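Below is one structure, written out as structure tokens; the observations come after it.
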Amino acid sequence: MMNDNQKPIIIAIDGPAASGKGSLAKKLAKELNYDFLDTGALYRRVALNILDNGDDINDESIAVRASLDFNENLDVKTLEDERLRSDTIGSAASVVAQFGKVRQALIDFQRNFGAKASLGAVLDGRDIGTVICPNAQIKLFITATAEKRAKRRHKELQSRGINATYGDVLAEMQERDERDSVRLNPHLEPDHQVNIIDTSDMTPNEVMNVALDIINNRS
Ligand code: C5P
């Protein structure tokens, strides 16, 4: 793809939990040789730091302090911690992500990540195309029904030997969707020019091909 103005190409991928946006983002970054940032890991890390300290995840001032501390001493290696991947930490992340000051503390790192990429960067999250990189050349919104997302997550948990019923996974997902909804979290208002891909009845390969078509045909 042409890189106009010598600026890195930014691909913004947003969407709800377990929509497949993370796997797509990783695969696209690999295919295009772009840098990749999973921005959910930043919120997960802040949440895990709070819980590791034995603090209350619902306390806004604690969450804001934790996000500022994290931002000051940011070590990207800490984003690879396996503990970040649990649904409990995903839910805790959605609690701290409701605080505007927490979001604010994490903006610069995300923007700089895109700006300093050599060829381009793929960022996945919830507000990449709207708040973090509103000028992204490509904006994708990856979604699927809550039932399909819960089914995929349930299968993934089972394959990792983690015990959970489908009903519990679905309930947890709906709870997180509600916290991540525009009603409760206006920071997550979707972009109107975004390309929406509903992956409910698609295989990961089909999703990848649709995304590549959009990228290759961008005007
Ligand atoms: O994408 P992931 O499931 O890792 O994100 C965990 C939580 O972090 C989300 O449910 C959402 O509340 C929050 N988040 C966010 N903005 C982002 C990325 C994640 O609010 N850009």
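The values are calculated or read from the model by the stated rules, or taken from the named source; none is laboratory data. These figures come from a predicted structure and were not determined experimentally. Glycine also receives a Cβ, built like all others from the backbone with ideal geometry; neighbour counts cover every protein chain displayed. Heads up: the accessible areas ignore ligands, DNA and RNA and are worked out on the full protein's heavy atoms, side chains in. Shrake-Rupley method; radii C 1.70, N 1.55, O 1.52, S 1.80 Å.
Some notes on this structure:
- For the listed residue pairs 26/148; 21/101; 21/139; 21/148; 7/27; 26/139, the alpha carbons are over 18 angstrom apart in 26/148; 21/101; 7/27.
- Take the chain with all the other protein chains still there, run a 1.4 Å probe, and you get 52 Å² of accessible area per residue.
- Full extension of the segment from residue 196 to residue 118, taken as 0.36 nm per residue of separation minus the current Cα-Cα distance, would add 25.4 nm.
- Site pair residue 205 and residue 86 shows an inter-label distance of 3.6 nm when each label is modelled 7 Å from Cα along Cα→Cβ.
- Region 88-134 and region 1-78 have their alpha-carbon centroids 5 Å apart.
- Difference of contour (0.36 nm per residue) and Cα-Cα distance, residue 61 to residue 104: 14.1 nm
- Only the Cβ atoms of Lys and Arg (+1) and of Asp and Glu (-1) were treated as charged; on that basis the dipole of region 139-219 about its Cα centre amounts to roughly 220 debye.
- Protein-only accessible surface order, largest first, of 187, 192, 154 at 1.4 Å: 192, 187, 154
- Length gained when the stretch residue 53-residue 156 is fully extended (0.36 nm per residue, less Cα-Cα span): 34.2 nm
- For the chain, with +1 on Lys and Arg beta carbons and -1 on Asp and Glu, the positive-most of 181, 57, 143 along the dipole: 143
- Once the C-beta distance of residue 216 and residue 33 is scaled by a Förster radius of 25 Å, the resulting FRET efficiency is 0.95 to the nearest 0.05.
- Of all accessible heavy-atom area on the chain, the percent that carbon and sulfur account for (1.4 Å): 49 percent
- Computed about its Cα centre, the charge dipole of region 8-213 is approximately 380 debye, with only Lys, Arg, Asp and Glu carrying charge at their Cβ.
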